[in-house]
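Undergrad: The structure under discussion is supplied below as structure tokens; questions concerning it will follow.
We did not get these values from a lab; they are worked out from the coordinates using the rules stated. Just so it is clear, the structure is predicted and the values come from calculations on it, not from any experiment. Quick reminder, even Gly has a Cβ in these numbers, built from the backbone with ideal geometry, and neighbours come from all protein chains shown.
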Amino acid sequence: MGSFSIWHWLIVLVIVMLVFGTKKLRNIGSDLGGAVKGFKDGLKEGASDEPTSTNPSTNPQAQITGQTIDVEARREQSKL
């Protein structure tokens with residue numbers, strides 16, 4: 001009694017399709033798929049934006065330019 005057979009699920013599917021219609025269900029599915037895809041892309045983009053190391057000796061960009069960035073100087077410059 002606790003598990004449903006395939007016929008129960010088919011009846012539920014038919015009722016849902018009658019209530020909502022196939023076009024609306026298709027739109028909901030594509031919106032949900034787009035949201036999941038956007039979430040995954042955001043996670044990938046966020047992971048690639050993070051610096052791998054804050055130590056300038058191991059950071060290749062800092063070694064090439066030889067520059068040191070002072071956080072306080074950057075804050076003061078942004079206020080101007």
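Undergrad: Taking 7 Å along the Cα-to-C-beta vector as the label spot, tell me the Ser30-Ser5 distance in nanometres, rounded to one decimal.
TA: Result for the modelled spin labels: 3.7 nm.
Undergrad: Note down the Stokes-Einstein diffusion coefficient of the stretch 1-41 in µm²/s, whole number, using a Kirkwood radius over alpha carbon pairs, 20 °C, and 1.002 mPa s.
TA: Details: Rh = 12.1 Å.
D, rounded to a whole number, is 177 µm²/s.
Undergrad: For the stretch 1-43, state which chymotrypsin sites (Phe, Trp or Tyr not before Pro) are in a DSSP loop and have at most 12 other beta carbons lying within 10 Å of their beta carbon. Walk me through the intermediate numbers first.
TA: Numbers: sites: Phe4, Trp7, Trp9, Phe20, Phe39; in loops: Phe4.
Hits after loop and neighbour filter: Phe4.
Undergrad: While we're looking at this one, here's another question. Need the full-extension length gain, Phe20 to Lys40, defined as separation in residues times 0.36 nm minus the C-alpha distance. One decimal, nm. Before the final figure, lay out each step's value.
TA: Details: separation 20, 0.36 × 20 = 7.20 nm, distance 2.84 nm.
Length gained between Phe20 and Lys40: 4.4 nm.
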